[in-house]
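Following this message is one structure expressed as structure tokens.
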Amino acid sequence: MPASVPQSPTLTDDDETSASPVAVVGPAHLLRVTLLMAGSCLPILGAVLIAPVLPKMQDHFASVPGAKALVPLALTVPALALALLAPFAGVIVDRLGRRRLLIVATLLYAVFGTAPLWLESLGAIIASRALVGVAEAAIMTCCTTLIGDYYSGQRRVKYLALQTMCASASATVFFVLGGAVGSAGWRVPFWVYAVSLVLAPLMASALPAPARGGAAAVGAAPAGAAVAGAAAAGAAAAGAAAAVEPRRTFPWRQLGGICALTFFGAMVFYTVPVEMSYLLDDLGVESSGVIGLATAVASAATVGGAVTFARLKRAPEPLLPGVLAVCAVGFGVMAVAGNAALLVVGAVINCVGTGMLLPALLTSAMSRLAFEDRGRGTGLWMAAFFGGEFVCPLVLLGGEAAVGSLAGAVGMLGVAAAAVAGGLLTAGRRGRTAEPQPRS
């Protein structure tokens, strides 16, 4: 999935906890950071690489009943695995060990990721993609948790920010790569998943085992495709804290609304990555290279929107109506586009909005959580986000059946985004009106 650049994580009291005694300069340090960043990009590779070849895959399995719904799931079903595992990811990492689990998951990523090269059944391919999602959840969790183990204070913040920026940039690269290699056939991009076979032995030799008890909690989870790893790291820290602190009431009501909005926002966020290739195909664009390049341009706009949000340095709630309105305008342009150029323009407008939407939703969720609740809360937020990603193609397929075209279904989602924006704006105005006024 395309990731976005977050606001820099803020330091909290736990950030001064001592981390494992590892070198912070020199070749070993550089290799360690490079491997952690490369590992953090693997889930992004899994999320976007095959997007440009979905139409070719659709043609190959045209005779399979329900292929029109099943083929897009090959792209998004890893998100379902992430959504289901999100609330428990921290516990899994703590029990099995970060470094050991990372190495095993990286090897399994190659096994599951390349499986479609030999599988002939569409159902088996989708099952292998679900297993890719399981491996991705472990990789995302372990990489972010190891950053918390190895580094502390401002240095930890620096590498968490670098992690999300690498993930954001890699999404654009992988769209282009998937389109380029996909020109040779829809199966060819799956070979790229074998790159993790190179990373796993390097991780085994270059990543030291963190000191027991030295892991420190992550202050704030970064946004984007890397948000899943940060959420899991927070979950691990919260689990450790719960062992020594009294039981507390979780803020279900405060978090419920933002999680519901996040579920919808994820559908808005993933419409372009999942459906762009189909929309271009409907306009007569069949080249995987062109489709990959067009989707990469939109992905770059997502990064631009996220950078814009970070520079605004404003509270997220007042921005959400405007951000959703931008997304709605982009969907509107895409719905009426009669050529590929106008479709790309609409996608760029939409992705500027979605680039701001993701960090706005996450920041809003974090503002509702005390440190003691942050692990479970970010896990639930992540489950809502990846759940929305998973149902995105199903919702649009239902919309297409209702209105007769995919472009029309995208337009319907734009109308829904505009309605949600209007509802948030009205609710915000009522909330400000209801606030007690100071006496003169």
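The values are calculated or read from the model by the stated rules, or taken from the named source; none is laboratory data. Quantities reported herein were computed from a predicted structural model and do not represent experimental measurements. Neighbour counts are summed over all protein chains in view; Cβ atoms, including those assigned to glycine, are modelled from backbone coordinates with ideal geometry.
Can you tell me how many residues within segment 308-319 are more than 15 Å from residue 420 (Cα to Cα) and in contact with a Ser or Thr (Cβ under 9 Å, 6 or more places away or on another chain)?
Total satisfying the criteria: 4.
Is it true that residue 297 is surrounded by fewer than 24 Cβ atoms within 10 Å (Cβ to Cβ) and over 19 Å from the mean Cα position of the chain (by Cα)? Step through it out loud before you land on a result.
Working: surrounded by fewer than 24 Cβ atoms within 10 Å (Cβ to Cβ): yes; over 19 Å from the mean Cα position of the chain (by Cα): no.
Criteria not met by residue 297.
Quick check on residue 303: is it under 24 Å from residue 409 (Cα atoms) and aliphatic (A, V, I, L, M)?
So residue 303 fails the test.
Still on this structure, I have one more. Right, residue 28: modelled with pLDDT of 75 or more, surrounded by fewer than 21 Cβ atoms within 10 Å (Cβ to Cβ) and in contact with a Pro (Cβ under 8 Å, 6 or more places away or on another chain) or not?
No; evaluated as a whole, the condition is false for this residue.
Looking at 397, 413 in this structure, which one is within 26 Å of the chain's Cα centre (by Cα) and farther than 15 Å from residue 269 by Cα?
Only one candidate passes the filter, namely 397.
Can you confirm whether segment 291-306 contains a residue that is farther than 24 Å from residue 365 by Cβ and of a type outside the set (A, V, I, L, M, F, W, C)?
Yes, segment 291-306 contains at least one residue that is farther than 24 Å from residue 365 by Cβ and of a type outside the set (A, V, I, L, M, F, W, C).
Quick one: which residue in 322, 332 is surrounded by fewer than 19 Cβ atoms within 10 Å (Cβ to Cβ), within 11 Å of residue 418 (Cα to Cα) and out of contact with any Cys (no Cβ under 8 Å at 6 or more places or on another chain)?
322
Please verify whether residue 257 is over 23 Å from the mean Cα position of the chain (by Cα), at pLDDT 80 or above and either part of a helix (DSSP H, G or I) or more than 29 Å from residue 182 (Cα to Cα) (or both), treating the condition exactly as stated. Give the derivation first.
On the way: over 23 Å from the mean Cα position of the chain (by Cα): no; at pLDDT 80 or above: yes; either part of a helix (DSSP H, G or I) or more than 29 Å from residue 182 (Cα to Cα) (or both): yes.
Considered against the rule, which asks whether it is over 23 Å from the mean Cα position of the chain (by Cα), at pLDDT 80 or above and either part of a helix (DSSP H, G or I) or more than 29 Å from residue 182 (Cα to Cα) (or both), residue 257 comes out as no.
Now for a separate question. Among the residues of segment 126-143, which ones are hydrophobic (A, V, I, L, M, F, W, C) and crowded, with 23+ Cβ neighbours inside 10 Å?
Scanning segment 126-143 gives 132, 135, 137, 138, 139, 140, 142, 143.
Results for (1) closer than 23 Å to residue 263 by Cβ; (2) at pLDDT 85 or above; (3) among the small types (Gly, Ala, Ser); (4) under 19 Å from the mean Cα position of the chain (by Cα), shown as yes or no for each residue.
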residue	(1), (2), (3), (4)
308	no, no, no, yes
325	yes, yes, yes, no
328	yes, yes, yes, no
346	no, yes, yes, no
356	yes, no, no, yes
363	yes, no, no, yes
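Looking only at residues that are free of Cβ contacts under 8 Å to residues at least 24 places away in the same chain and crowded, with 19+ Cβ neighbours inside 10 Å in segment 400-410, which one is farthest from the chain's Cα centre (by Cα)?
400
Continuing with the same structure: Just to verify a result, which residue in segment 60-77, among those that are assigned to a helix (DSSP H, G or I) and among the small types (Gly, Ala, Ser), is farthest from residue 391 (Cα to Cα)?
For segment 60-77, the residue satisfying everything is 67.
Oh, and also: Condition test on residue 169, is it surrounded by fewer than 22 Cβ atoms within 10 Å (Cβ to Cβ) and either at pLDDT 75 or above or of a type in the set (Phe, Trp, Tyr) (or both)?
no
Within segment 411-433, track down each residue that is farther than 22 Å from residue 361 by Cβ and buried (at least 19 other Cβ atoms within 10 Å of the Cβ).
Matches in segment 411-433: 411 only.
Can you report the number of residues in segment 264-297 which are on the phi > 0 side of the Ramachandran plot and aromatic (Phe, Trp, Tyr)?
Summing the residues that are on the phi > 0 side of the Ramachandran plot and aromatic (Phe, Trp, Tyr) in segment 264-297 gives 0.
In segment 368-424, how many residues are among the hydrophobic types (A, V, I, L, M, F, W, C), within 13 Å of residue 261 (Cα to Cα) and at pLDDT below 90?
Going through segment 368-424 one residue at a time, the tally reaches 8.
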